[in-house]
1. Which one is nearest to the ligand (Cβ to nearest atom) among residues in the stretch 1-16 that are open to solvent by less than 60 Å² (accessible area, probe 1.4 Å) and farther than 14 Å from Ala194 by Cα?
2. Which ones in the stretch 188-204 are within 11 Å of the ligand (Cβ to nearest atom) and within 16 Å of His57 (Cβ to Cβ)?
3. Taking the conditions exactly as written (out of contact with any Lys or Arg (no Cβ under 7 Å at 6 or more places or on another chain), open to solvent by 20 Å² or more (accessible area, probe 1.4 Å) and more than 15 Å from the ligand (Cβ to nearest atom)), does Ala131 satisfy them or not?
4. Please determine whether any residue of the stretch 105-114 is under 21 Å from Leu354 (Cα atoms) and more than 16 Å from the ligand (Cβ to nearest atom).
5. Restricting to the stretch 89-126, what's the tally of residues that are charged (D, E, K, R) and assigned to a helix (DSSP H, G or I)?
6. Just checking, does the stretch 81-88 include any residue being within 16 Å of the ligand (Cβ to nearest atom), of a type in the set (A, V, I, L, M, F, W, C), touching a Phe, Trp or Tyr at 6+ places or on another chain (Cβ under 8 Å) and part of a helix (DSSP H, G or I)?
7. Looking at the stretch 62-73, which of its residues are away from the ligand (no atom under 11 Å from the Cβ) and surrounded by 24 or more Cβ atoms within 10 Å (Cβ to Cβ)?
8. Looking only at the stretch 276-296, count every residue that is closer than 23 Å to Val152 by Cβ and open to solvent by 20 Å² or more (accessible area, probe 1.4 Å) and tell me the total.
Amino acid sequence: SLAQGRSYLAIPGPSVMPDRVLNAMHRAAPNIYEGDLIEMTAQVMTDLRRVALSSGHVAIYLANGHGAWEAAISNLFSRGDTALSLITGRFGVGWAHHARALGVTVETLDFGIKAPVDPARVEAALRADTARKIKVVLLTHVDTASSVRNDVAAVRAAIDAAGHPALLAVDCIASLGCDEFRFDDWGVDVMVAASQKGLMVPPGLGFVWVSDKAVAACKGADLVTPYWDWRPRIFAQEYWQQFGGTAPTHHLFGLSEALRMILDEEGLPQVWARHRTLSRSVAAAFEAWGQGGDIALNVPVAAHRSGAVTAARIGQGGAERLRGWCETEAGVTLGIGLGMAAPGTPEAGDFLRLGHMGHVNAHMVLGALAVMEAGLQALGIAHGRGGIQSAAAVIAAG
Ligand SMILES: *Cc1c(COP(=O)(O)O)cnc(C)c1O
């Protein structure tokens, strides 16, 4: 095997963590009552607003993305309230499921797994809601299962065009720090994210950004419990209230370092541009391979693809065989397909995902793609020539 050496986990989260982030976490337990941690946390709160381009509030939870989902839902709704959930993949289904399980009546609009939300259907559904029962529209910016990227501003425009008062809540767990996202400019009311994807920190922190309008609109929502309540966290009088108890001390040090890298060193527009270019180079390789084999990107239209993750199909179980080869023969772990085919069916092994979120550069992406091309050859999976040449051309053009 040629897998010895530093291995590369190229799945869509947890993402690659910079050594600087890990080193920032490597320290003795800090005092949680006074000193560095307290000052640093105030800057982290400011930087979290900056990374979302939000002038609103942010609440931090010791939780993963699933926890952030429930945090948002429990503050947004009272039992029996109605949500309109817009589905473009497995993660949209998951958020809707959590809402339903918590006691929300969830209506869904399903757009399949290959194209983004159609704003015209959203507008029509909201116009049809003459009783104005829908309190919140739930949207996933990038559904990590399908790699479809939705147009958040267009969904906001559809809500406004219908003259509907519904709030807009967006899951940016995959996209924050990868794909362009503008909380204020796009009229978002609530947004959720987590630490272990574009933010390059180990799993363990969930975040909820909240507009002033949403804070006011959700006052009295009766699904909320003391731990998940965003108000003490947002309007904390004491340090510990920001976390509902002991602070996630080491994660905060790591996050502080990661936000400095994103915001103050590389710069958010440059971070978005890097992800876009890397994603286009991945797409170029798959398109070339697809010229001579049963290989295709999941999302056919380039403008609908995410910069954070690419989902693709390699027929006759090729995806599953290729994943195995890349891991055991070359030290690269690719992501499994999620929610693309029913488990146990012959198609279940036809899908994979390549994560290119966070601390990822051209040599890592080109390396992963070259390994995949070697795997296609080694396994005798039919594919078009020139995948790596096409990917390199995208990188060369910048
Ligand atoms: C990863 C992800 C989640 C789930 O996050 P966990 O931290 O695994 O709980 C939810 N939504 C999207 C879009 C994601 O990418």
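The values are calculated or read from the model by the stated rules, or taken from the named source; none is laboratory data. Bear in mind the structure is a predicted one, so any value in this text is a computation, not a measurement. Glycine also receives a Cβ, built like all others from the backbone with ideal geometry; neighbour counts cover every protein chain displayed. These accessible areas exclude ligands, DNA and RNA; they are computed on the full protein's heavy atoms, side chains included. Shrake-Rupley method; radii C 1.70, N 1.55, O 1.52, S 1.80 Å.
1. It comes out as Ile11.
2. Within the stretch 188-204, Val192, Ala193 meet the criteria.
3. Here the answer is yes, as Ala131 does meet what is asked.
4. The answer is yes; a qualifying residue exists.
5. Number satisfying all stated conditions: 4.
6. Within the stretch 81-88, none of the residues are within 16 Å of the ligand (Cβ to nearest atom), of a type in the set (A, V, I, L, M, F, W, C), touching a Phe, Trp or Tyr at 6+ places or on another chain (Cβ under 8 Å) and part of a helix (DSSP H, G or I).
7. Ala71, Ala72, Ile73
8. 3
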